[in-house]
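Engineer: Before I ask anything, here is the structure I am working with.
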Amino acid sequence: MPLFLGIDIGTSGVRTSVINAQKREVAAARVEMKAPDKVDGRAVQDPWIWDRAVNDCLEQQAGRLADAGLSIRDIVALAVDGTSGTLMLADKNLDPVTLGLMYNSGNFFSEAEVIAQVAPSDSIALGPSSALARLLFAQKLPDAKHAAFVFHQADWIAAKLLGQGGSSDENNVLKLGYDLQSTCWPEWLGQTGVRTELLPAVHPVGDTLGRINPLMATRYGFSQNTHIVAGTTDGNAAFLASGASEIGEASTSLGTTLAIKLISHQPVTCPKRGVYSHRLFGRWLAGGASNTGGGALLSHFSREEIKTLQSQLCPFDDTGLDYYPLAGIGERFPINDPHLQSRVTPRPESDARFLQGLLEGIARVERSAYDTLCELGGPPVRSVTTTGGGALSDSWTKIRQRILNCPVSVARADAAFGTALVAHRSSH
């Protein structure tokens, strides 16, 4: 029985999903990860944390398959997704020479000034929190002189499984300035001072990159004929898992942060608002990523406290609290402002009412995000399917449906499943 594996690298953990030829999940696994650190106010993470979590998750996944009477040797293709814009530099042996600069790290102002002098006004690579600004900063770090590759999370894990670097997918490279319309790295990129030799060859999502490295096959028990497939970003993987397929249908991923995707008849781009469009299997996905989300909730309550307070919420009665919850300073979308402060006052005496106010605030950011896409030329939202940990909260779903004023449903699968669908598609 041919099987297909998706590996999802998030902020707080790694998930894997294995599906069969009929696109049904047959086994899944999850491993938690240590939260990112802060260095000079920027979110960073040791890439070896990703590597260990993937290792542990694959070992757990092999056991889950065995419990189901299946084998990891039956996996014919696998793909990897990771957080959009997270990147690091590695040497020719694929060993990291910098920390991973996370998707929500910013304040790269001097790098942004350089980019602004040469980049087109509609480039998503503009701004002090763009992936290109991150790369220009990383190049100046002491050990960057040993770098041979720039990797996003998904690129690096795929490269280690493949045994060679130098490849990425059309989704992950978008924020580095890749020209999706012309399918090439633009000439202006070299004028920023970026080390162009670090940039990867770019493949459409679902392209076969090659067979798994024999050492990796032996390590985890894969067949040596298992193919590594060009992956995607976590937001796009969540979109695929949502099942959305028609113009106006949308997907919201409620994880540590909030990411939205809307199927559009045309690309929608506005760097000043943090809006960009991916191309995925012949469709345009307009959207963006906000710094609000589960991480903002965890700034005030523990997971256990949130779970306990759920029963005390009144999702159909608005609190009237005007919040814009953020885990730290700065926002990317629908307001692109690296200095934006979290707004969570006044705080009521009731913890339940405060929590509901935070949930309503996140829902209003989500509503503003979809309204922004429509204002910029995208279609009106017809329905929203939700993935991520926040999708498990029935009260939050009801609050969002009230504020979004459209049908809101919960996806039956997560981003790892969406990435397994990418691997599955490679077999056709």
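The values are calculated or read from the model by the stated rules, or taken from the named source; none is laboratory data. Here the structure is a predicted model, which means the values were calculated and not measured. Cβ atoms come from the backbone with ideal geometry, glycine included; neighbour counts cover every protein chain shown. These accessible areas exclude ligands, DNA and RNA; they are computed on the full protein's heavy atoms, side chains included. Shrake-Rupley method; radii C 1.70, N 1.55, O 1.52, S 1.80 Å.
Engineer: At a threshold of 8 angstrom on Cα-Cα distance, excluding pairs fewer than six apart, so keeping six or more, what relative contact order does the range 25-74 reach in percent?
Structural biologist: About 43 percent, as a whole number.
Engineer: For the range 44-175, what are Rg and Dmax over the alpha carbons, in angstrom?
Structural biologist: Looking at the range 44-175, its Cα Rg and Dmax stand at 17.0, 59 Å.
Engineer: Which helices count as membrane-span-like in the chain under these terms: full DSSP H, at least 18 Å along the axis by C-alpha, Kyte-Doolittle mean of -1.0 or more?
Structural biologist: Answer set is 47-67, 351-375.
Engineer: So, one more: How large is the Rg to Rh ratio of the chain when both quantities use alpha carbon positions and Rh follows Kirkwood?
Structural biologist: 0.95
Engineer: For Glu59 and Ser427, calculate 0.36 nm times their separation in residues minus their Cα-Cα distance, and state this gained length in nm to one decimal.
Structural biologist: The span from Glu59 to Ser427 would gain 130.0 nm if fully extended.
Engineer: Just tell me which lysines come within less than 18 Å, Cα to Cα, of Lys160; anything on the same chain fewer than 8 places away is out.
Structural biologist: Answer for Lys160, where 18 Å is the Cα cut-off: Lys92, listed by chain and number.
Engineer: Would you please put 147-158, 43-54, 356-367 in order of how densely packed they are, using the mean number of other Cβ atoms within 10 angstrom per residue and starting with the highest?
Structural biologist: Those peptides, ordered most packed to least, come out 147-158, 356-367, 43-54.
Engineer: A follow-up question, please. Identify which of Pro36, Pro204, Pro120 has the largest mean-square fluctuation in a Gaussian network model of the chain, with springs joining Cα atoms closer than 10 Å.
Structural biologist: Answer for the Gaussian network model of the chain: Pro120.
Engineer: Report the label-to-label distance for Lys140 and Val39 in nanometres (one decimal), using points 7 Å from each Cα along the Cα→Cβ vector.
Structural biologist: 1.5 nm
Engineer: For the pair Gln181 and Arg347, what calculated FRET efficiency results from E = 1/(1 + (r/R0)^6), where r is the Cβ-Cβ distance and R0 = 45 Å, to the nearest 0.05?
Structural biologist: Given R0 = 45 Å and the Cβ-Cβ separation, E is 0.40.
Engineer: Measure out, as a whole number of angstrom, how far apart the alpha-carbon centroids of the range 337-358 and the range 317-331 sit.
Structural biologist: Going from one Cα centre to the other spans 5 Å.
Engineer: For Arg382 paired with Gln312, estimate the spin-label separation in nm (one decimal), with each label point 7 Å from Cα along the Cα-to-Cβ line.
Structural biologist: 4.1 nm
Engineer: Taking only protein heavy atoms into account and a 1.4 Å probe, give the accessible area per residue of the chain in Å².
Structural biologist: 40 Å²
Engineer: Regarding the range 22-101, what are the three Cα extents along the principal axes, ordered largest first, in Å?
Structural biologist: The Cα atoms of the range 22-101 stretch 49, 28, 21 Å along the principal axes, largest first.
Engineer: DSSP beta bridges in the chain, what fraction antiparallel, as a percent rounded to 5?
Structural biologist: Roughly 70 percent of the beta bridges in the chain run antiparallel, per DSSP.
Engineer: Same structure again: Roughly how many percent of the accessible protein surface of the range 319-397 is carbon and sulfur, given a 1.4 Å probe and a whole-percent answer?
Structural biologist: That share works out to 52 percent.
Engineer: Moving on. Within the P(r) computed for the range 106-205, what percentage of the Cα pairs occupies the region above 18 Å?
Structural biologist: Pairs farther apart than 18 Å: 45 percent.
Engineer: Which entries of Lys34/Lys272; Lys38/Lys272; Lys261/Lys398 have Cα-Cα distances beyond 23 Å here?
Structural biologist: The pairs that break the limit, which is 23 Å between Cα atoms, are Lys34/Lys272; Lys38/Lys272.
Engineer: Another question, then. How much length is gained on full extension from Glu305 to Asp91, taking 0.36 nm per residue of separation minus their Cα-Cα distance?
Structural biologist: 72.7 nm
Engineer: I'd like the carbon and sulfur percentage of the solvent accessible area for the range 38-88, probe radius 1.4 Å, heavy atoms only, ligands and nucleic acids excluded.
Structural biologist: Here it works out to 44 percent.
Engineer: Still on this model: So what's the back-of-envelope 222 nm ellipticity for the chain, counting only DSSP H runs of four-plus at -39500 (n - 2.57) apiece and dividing by all residues, rounded to 500?
Structural biologist: -9000 deg cm²/dmol
Engineer: Placing +1 at every Lys and Arg Cβ and -1 at every Asp and Glu Cβ, with all other atoms neutral, what dipole size does the chain have around its Cα centre, in debye to the nearest 20?
Structural biologist: That gives a dipole near 420 debye.
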